[in-house]
Structure formats: structure tokens, C-alpha cells
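Enquirer: Dropping the structure in here first, questions after.
Values quoted throughout were computed directly from the atomic coordinates according to the rules given, and no laboratory measurement underlies them. Worth saying up front: this structure is predicted, and the values here are computed from it rather than measured. Because the Cβ atoms are built from the backbone with ideal geometry, glycine has one as well, and the counts that use them run over all protein chains shown.
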Amino acid sequence: MDSQEIAKVIASSHELWPDDREAVFGQIDTEAFDQQGFMLLKQAVPRIVINAILAEIEFIVRDQMVKFGAPEPEETDLNSLIRAAFVPGSEQRHFLYNFLRHVPTLRSFASSQYYVELIRRLGFQLPLTFETPTVRFDIPGEDKFLTRHHQDLRSIRSRKAVTMWFPLVPVNEELGTVLIYPGSHKLGIQSFSYDSGQLNIENRDALGEALVLEADPGDLLIFDSMAVHASVPGKTDQIKINCQCFWNDAAEVDMHNEYWELGEIPDAQDLQKRAAAT
Ligand SMILES: O=C(O)CCC(=O)C(=O)O
């Protein structure tokens, strides 16, 4: 995809819909969602959105490598390109990771009419998001960055909050993925500690059996942000790339309830800043 084609997708992605929207909406089972706390909608993210996000990632990585002073990258596939650019422990790795979450097609798609309609069908009256979407790059061998068992507490500001998660590459137990505990969204806030700066629910006795997600690019996992989940490291050298965004229902936001303050929970970067300030 060249930059003119990408620009067209950026400009239109807030009004892009899947080719067969009824096939997507037909998969929504709100009763099962309330029970399980998640659902996987097959082929619910338009291919053109995935391709544009991948092309934007590639553009930025190539462009930044030149700015880092690296030789013109020879790597032709995205996996090798990201490996070459994400030098472990380097400042450029940190910079790229934080920069790439701003890819414009994701931003625009994440607040598309289509996404808003999906969320409304889950019973949200006025869907709104407090955060920039994220793009995760889970590189084999960098397990310290993988999320531990956690709830998306920092994104929850109301009783109704969902995380929309979709992969840009195939994900499964072999290639790396995410696992989720069905029904765990009903158990309330679980006590957690920190492990390498990551929220970590150590005591998982009450959670039952986790389900390891298998999905393809185009599939969309929607889960209650209160559901306990964790990254699953891959066993190959494929980099797991996936996007996430987080929604609340404005109609449920109340500054007096226990959800409103959850955004204050520190993450790894906050903890580092606090440690540096003392
Ligand atoms: O994609 C994953 O591995 C899990 C990501 C996640 O749970 C998070 O970033 O909060």
C-alpha cells in the first residue's frame, strides 16, 4: 500500500464497515457475553483496515530506522524489520513502541461508526473512550514485557467497560496469544501485586480454567475489561502484533463510585517515574 492509498483509508476508516455486517452482528449473543465476559467475532475487522495499519507500522519503522542512523533496512518482511528496529533495551525500542500506538488508521477506526454500533449492541448508551488505542508488539525472548494475569483496571471508569482486541497476525498457543478466564468479570476487582511493573493477580484459585485464544487477522475479541486475562508467549520467532482499545459507557460514569478512581492505578511507566523522583 503506498502513502496515497493509506491516506484514503485513514480518511474513510471512521465510516468503514465489514463487507457483510449482518454476518458480524449475527454473531453477537449478549446473553453469552454477560455470562462469559467475552466474545470472538469472526472476520469483524475489515481487511483494508488491517492492511493499512500494517503499512503504517512499516512506514514508521523504516522511516525511524534511518533517523536512528541505522543503514537502510534490507529486511523485506515486517517481522524481520521490527526485530531489527526494536533493539532490546535500547531507547529507540522504547520510543518506537510508544510512538506506534498512534498509527492513524487505528485511531480513526477505533472510533468508527461501526465500532460504536457494535458497542451500542452490547447495551452501552453513550460509548466513550478515555485512552489512545494501543498496538502491542510481543517479541519472542522479551517475556518481561508480557502482561501478567490482570484486569484492565486502568481503563475501567464505569460499571460497563469493554476492551476491543484484534490481532494483525495469526495468534494461537504456538505463535503467542492471549488467554482469558470465562466468567471472571463477575468476581469483582481481584487483589494484585506488581511483577516487573506489571499488574499481577497471583491468587487465581477462584478463576477456574483459562481459555487460550486462537484467532486470525480480521477476528475481533471483545471482552469485559474486568475479565482476567494474560499474554501467552509464542514458541516460534513470530512477533505477536495486536491492537486494543477501551470503551466505557458515559451513562454509567459516576465520580462517586469505585470505578472512577481506577484510572489512577500506576502502570510500569508511572512506577519508574515515581522511583526516579524519589
Ligand atoms: O495481547 C496481550 O498479550 C494482552 C494485552 C493486555 O492484556 C494489555 O495490554 O493489557
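Enquirer: Cα to Cα, under 13 Å, and not fewer than 8 places away if on the same chain: which aspartates and glutamates meet these conditions relative to residue 186?
Expert: Excluding near neighbours in sequence, the set is 34, 224.
Enquirer: Could you compute Rg(Cα) / (2.2 N^0.38 Å) for the chain, with N its residue count? Before the final figure, lay out the partial values.
Expert: Numbers: Rg = 18.6 Å, N = 278, 2.2 N^0.38 = 18.7 Å.
Against the compact-globule rule of thumb, the ratio is 1.00.
Enquirer: So what's the net charge close to residue 235: Lys and Arg +1, Asp and Glu -1, counting the other residues with Cβ under 11 Å from its Cβ?
Expert: So the surrounding residues net to -3.
Enquirer: Run the numbers on the stretch 3-277 and let me know its relative contact order in percent, using alpha-carbon pairs under 8 Å that are six or more apart. Could you put the intermediate results ahead of the total?
Expert: Values: 513 pairs, mean separation 74.0, N = 275.
Over the stretch 3-277, the number comes to 27 percent.
Enquirer: Which entries of 42/160; 8/42; 144/235 show an alpha-carbon separation above 18 angstrom in the structure shown?
Expert: Those over the limit are 42/160; 8/42.
Enquirer: Now for a separate question. Relative contact order of the stretch 51-148, please, whole-number percent, based on alpha carbon pairs below 8 angstrom and at least 6 residues apart.
Expert: Details: 57 pairs, mean separation 25.2, N = 98.
Rounded, it is 26 percent for the stretch 51-148.
Enquirer: Fewest Cβ neighbours within 10 Å first, please rank 255, 226, 1, 65 accordingly. Present the calculation step by step, with values, prior to reporting the outcome.
Expert: On the way: 255 8, 226 24, 1 16, 65 19.
Placing the least packed residue first, the sequence is 255, 1, 65, 226.
Enquirer: Using the number of other C-beta atoms within 10 angstrom as an exposure proxy, rank 267, 152, 2 with the fewest first.
Expert: On the way: 267 13, 152 23, 2 8.
By the 10 Å Cβ count, ascending: 2, 267, 152.
Enquirer: Determine the relative contact order of the stretch 145-221: mean sequence separation of Cα pairs under 8 Å and six or more apart, normalised by residue count, in whole percent.
Expert: Working: 91 pairs, mean separation 36.7, N = 77.
Taking the mean separation of contacting Cα pairs over the length of the stretch 145-221, I get 48 percent.
Enquirer: Sticking with this structure for a sec: Sort out for me the Cα centre separation of the stretch 41-101 from the stretch 195-235, rounded to whole Å.
Expert: 24 Å
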